[in-house]
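**Student:** Below are the structure tokens for one structure; questions will follow.
The values are calculated or read from the model by the stated rules, or taken from the named source; none is laboratory data. Please read these numbers as outputs of a predicted model, since none were measured by experiment. Here the Cβ positions follow ideal geometry from the backbone for every residue, glycine too, while neighbour counts run over all protein chains shown. For accessibility, only protein heavy atoms count, side chains too; no ligands or nucleic acids. Shrake-Rupley method; radii C 1.70, N 1.55, O 1.52, S 1.80 Å.
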Amino acid sequence: MRLNDRIFGAVLLALAVAYGWGATQFPEPFGGAETVGPDTFPKLLAVVLSISSLYLMLRPDPDNAWPWNRTGIELVIAVVVLVLYSGLLQPLGFIISTTLAVGTLCWRMGATPVKAYVTGAVSGVAVFVIFNFVLGLVLPLGLLSFLEVS
């Protein structure tokens, strides 16, 4: 059954390469290249995903029956939530999309809906503030664009 981890690792490696290549396609920011730009975080994620997928391929778990019970369903739900998150990030904005995604994932892991979505909202606002005001990397506001400060 080691083949499952190797196949999954190969799929993840292909995803990491595609994601890393996509990150190199961002236009150069106005004012020239920066050490930390819009492509920094996606490139970092691609490297981490590549290393993780290589580990899965080289050191597969000896007992890795794929969980096609409740755990498998939860994994499918998590993937669907993350795909929707990436599609809604621009139109809804970072804060709302992150609130919905993190809230839904926390709820699926057992938190009450109120606690889950409060956690999502706090996470979305905190990361937005860090990226926009500390790192100087602009995240989309989407529906909250009326809050934009000139």
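**Student:** For ALA126, indicate whether it is of a type in the set (Gly, Ala, Ser) and either at pLDDT below 90 or on the phi > 0 side of the Ramachandran plot (or both).
**Tutor:** no
**Student:** Can you tell me which residues in segment 137-150 are closer than 19 Å to GLY37 by Cβ and open to solvent by 60 Å² or more (accessible area, probe 1.4 Å)?
**Tutor:** Across segment 137-150, the qualifying residue is only VAL138.
**Student:** Additional query: Taking segment 59-98, which residues are assigned to a loop (DSSP other than H, G, I, E, B) and modelled with pLDDT under 85?
**Tutor:** Across segment 59-98, the qualifying residues are ARG59, PRO60, ASP61, PRO62, ASP63, ASN64, ALA65, TRP66, PRO67, TRP68, ASN69.
**Student:** Report whether or not VAL134 is over 29 Å from GLU74 (Cα atoms), open to solvent by 60 Å² or more (accessible area, probe 1.4 Å), over 15 Å from the mean Cα position of the chain (by Cα) and outside the structural domain of PRO38 (by TED's automatic domain parsing).
**Tutor:** Yes.
**Student:** All but one of (1) within 16 Å of PRO38 (Cβ to Cβ); (2) open to solvent by less than 40 Å² (accessible area, probe 1.4 Å); (3) free of Cβ contacts under 8 Å to residues at least 24 places away in the same chain hold for PHE94, so report the exception by its number.
**Tutor:** (3)
**Student:** List pairs: first residue in segment 64-89 and more than 12 Å from MET109 (Cβ to Cβ) and surrounded by 14 or more Cβ atoms within 10 Å (Cβ to Cβ), second residue at pLDDT below 90 and of a type in the set (S, T, N, Q) anywhere in the structure, Cβ distance under 6 angstrom, at least six positions apart or on different chains.
**Tutor:** Pairs that qualify, where the first residue is more than 12 Å from MET109 (Cβ to Cβ) and surrounded by 14 or more Cβ atoms within 10 Å (Cβ to Cβ) and the partner is at pLDDT below 90 and of a type in the set (S, T, N, Q), are ASN64/ASN4.
**Student:** So which residues in segment 97-115 are among the aliphatic types (A, V, I, L, M) and open to solvent by less than 50 Å² (accessible area, probe 1.4 Å)?
**Tutor:** ALA101, VAL102, LEU105, ALA111
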